[in-house]
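S.K.: One structure, pasted below without further comment.
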Amino acid sequence: MLLLPLLILQGLGVRRRALILQEPAGLRRGRQGKGPQLRILIAGDSSAAGVGVNHQTEGLSGQLSAQLGSQFEVLWQMEASTGHRTRDTLARLQALPKQQFDVVVLALGVNDVTHGTSRRKFHRQQTLLMQLLEDKFAPHLILVCGVPQMQHFPALPQPLAWVLGQQSARLDQVFARLAKARPTVVHLPFQLPQDPALAAADGYHPSAKAYQLWAEILAQKILSQLAPHRAGRSGSGTGAQEQL
């Protein structure tokens with residue numbers, strides 16, 4: 001509470017000086033690679049939408065589909081927008097028709113942090129989101145990217161960065177708890193190296209290099225998580241939740 005006036009001033013200053021980056025040009029759905037089909041939904045905020053690069057091929061969707069395209073025919077779809085909180089993504093996905101995705105990648109949390117979403121509310125909204133994903137899209141894997149460590153964002157001054165970092169860690173604990181309770185959910189903490197080259201020009205979003213590293217980590221996790229399921233489907237026919 002003692003820091004509140006300073007935090008408000010710093011927050012206003014960051015907004016006033018912020019370099020506003022637009023969502024990159026490029027397709028928001030596509031098909032890439034050869035092999036068994038792998039259907040992927042990427043949903044979330046500006047990082048899921050690729051903000052920080054010039055074209056979607058350099059963003060998360062482009063980098064991830066390229067990584068997986070060496071082994072699969074990747075059918076991917078991206079449902080993400082700048083500023084989206086959990087409630088916005090929930091509403092957006094509710095509006096989609098029922099269909100099946102093998103993998104859902106979620107990148108959310110930063111805007112919930114900056115808008116002061118409480119841990120209890122975040123847990124409630126994320127629970128609704130996970131249930132919606134399971135009921136509507138029947139994925140074998142929901143890969144939840146951890147809330148970024150906001151204390152390391154170059155655009156944020158101290159002590160504002162520290163305070164937001166503490167809240168991002170609290171919300172990330174919600175992801176970890178949900179992953180333990182739901183067989184299809186895997187929590188992947190956001191732990192990229194502390195390298196200035198990994199930040200975009202605004203000091204807030206990922207650079208092309210960061211998206212590449214992020215996509216590599218996601219691809220490795222997807223391959224390791226889906227391997228038992230695919231082996232079971234071609235052999236014993238064991239269900240995805242049991243294998244995951």
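The values are calculated or read from the model by the stated rules, or taken from the named source; none is laboratory data. These numbers were taken from a predicted model, which means no experiment stands behind them. Here Cβ is always computed from backbone atoms with ideal geometry, including for glycine, and neighbour counts include all displayed protein chains. Just so you know, the surface numbers come from the protein's heavy atoms only, side chains and all, with ligands and any DNA or RNA stripped out. Shrake-Rupley method; radii C 1.70, N 1.55, O 1.52, S 1.80 Å.
S.K.: Order the following by accessible area, largest value first: D102, D135. Probe radius 1.4 Å; ligands, DNA and RNA are ignored.
M.R.: Values: D102 0, D135 95 Å².
Highest to lowest solvent-accessible surface, that is D135, D102.
S.K.: Once both labels are modelled 7 Å past Cα along the beta-carbon direction, what's the R17-Q166 spacing in nm?
M.R.: Spacing of the two 7 Å Cα→Cβ label points: 2.3 nm.
S.K.: Still on this structure, please answer the following. Rounded, prolate or oblate: pick one for the range 145-235, where a ≥ b ≥ c are the square roots of the eigenvalues of its C-alpha gyration tensor, a/c under 1.5 means rounded, and failing that, prolate if a/b is larger than b/c, else oblate. Mind dumping the intermediate values first?
M.R.: Numbers: a/c = 4.78, a/b = 1.69, b/c = 2.83.
Verdict is oblate for the range 145-235.
S.K.: Hydropathy at least 0.0 by Kyte-Doolittle, axial extent at least 30 angstrom from the Cα trace: which helices of the chain, defined as entire DSSP H runs, fit? Please report the intermediate quantities before stating the final value.
M.R.: Values: long enough: 160-181 (32 Å, 0.29); 208-234 (37 Å, -0.18).
Span-like helices here: 160-181.
S.K.: Determine the per residue accessible area of the chain with all protein chains present and a 1.4 angstrom probe, expressed in square angstrom.
M.R.: Per-residue accessible area for the chain comes out at 48 Å².
S.K.: Could you calculate the FRET efficiency of K98 with T127 from 1/(1 + (r/R0)^6), where r is the beta carbon distance between them and R0 is 25 Å, rounded to 0.05? Can you show the working numbers first?
M.R.: Numbers: r = 20 Å, r/R0 = 0.80.
The calculated FRET efficiency here is 0.80.
S.K.: Hey, another quick one. At a Förster radius of 25 Å, what calculated FRET efficiency corresponds to the Cβ-Cβ distance of K180 and K136, to the nearest 0.05?
M.R.: The pair K180/K136 has a calculated efficiency of 0.65.
S.K.: Is the shape of the range 32-84 rounded, prolate or oblate, going by the alpha carbon gyration tensor and its root eigenvalues a ≥ b ≥ c, with a/c under 1.5 for rounded and a/b larger than b/c for prolate?
M.R.: Oblate is the answer for the range 32-84, as a/c is 1.5 or above yet b/c matches or exceeds a/b.
S.K.: Just check the range 1-142 against the gyration tensor rule for me: Cα atoms, a ≥ b ≥ c as the square roots of the eigenvalues, rounded for a/c under 1.5, and otherwise prolate or oblate depending on whether a/b exceeds b/c.
M.R.: oblate
S.K.: With the chain treated as a Gaussian network of Cα nodes joined by springs under 10 Å, which of I20, I222, I142 yields the largest mean-square fluctuation?
M.R.: Ranking I20, I222, I142 by mean-square fluctuation puts I20 first.
S.K.: Which of R120, R182, R16 moves most in a GNM of the chain, Cα contacts under 10 Å?
M.R.: R16
S.K.: Moving on to the next point. Please calculate the 1.4 Å probe accessible area of L223, with all protein chains present, and give it to the nearest 10 Å².
M.R.: Estimated to the nearest 10 Å², L223 gives 60 Å².
S.K.: Right, next: Quick one: among L64, L141, L226, which has the greatest mean-square fluctuation in a GNM of the chain with alpha-carbon springs under 10 angstrom?
M.R.: Sorting by GNM fluctuation, first place goes to L226.
S.K.: Continuing with the same structure: Just subtract the alpha-carbon distance of T82 and L213 from 0.36 nm times their residue separation and send over the number in nm, one decimal. Mind dumping the intermediate values first?
M.R.: On the way: separation 131, 0.36 × 131 = 47.16 nm, distance 2.11 nm.
Taking 0.36 nm per residue and subtracting the Cα distance, the gain is 45.0 nm.
S.K.: Between R31 and N54, what is 0.36 nm times their sequence separation minus the Cα-Cα distance? Round to one decimal in nm. Intermediate results must be reported in sequence, preceding the final value.
M.R.: Working: separation 23, 0.36 × 23 = 8.28 nm, distance 2.02 nm.
My answer for the length gained is 6.3 nm.
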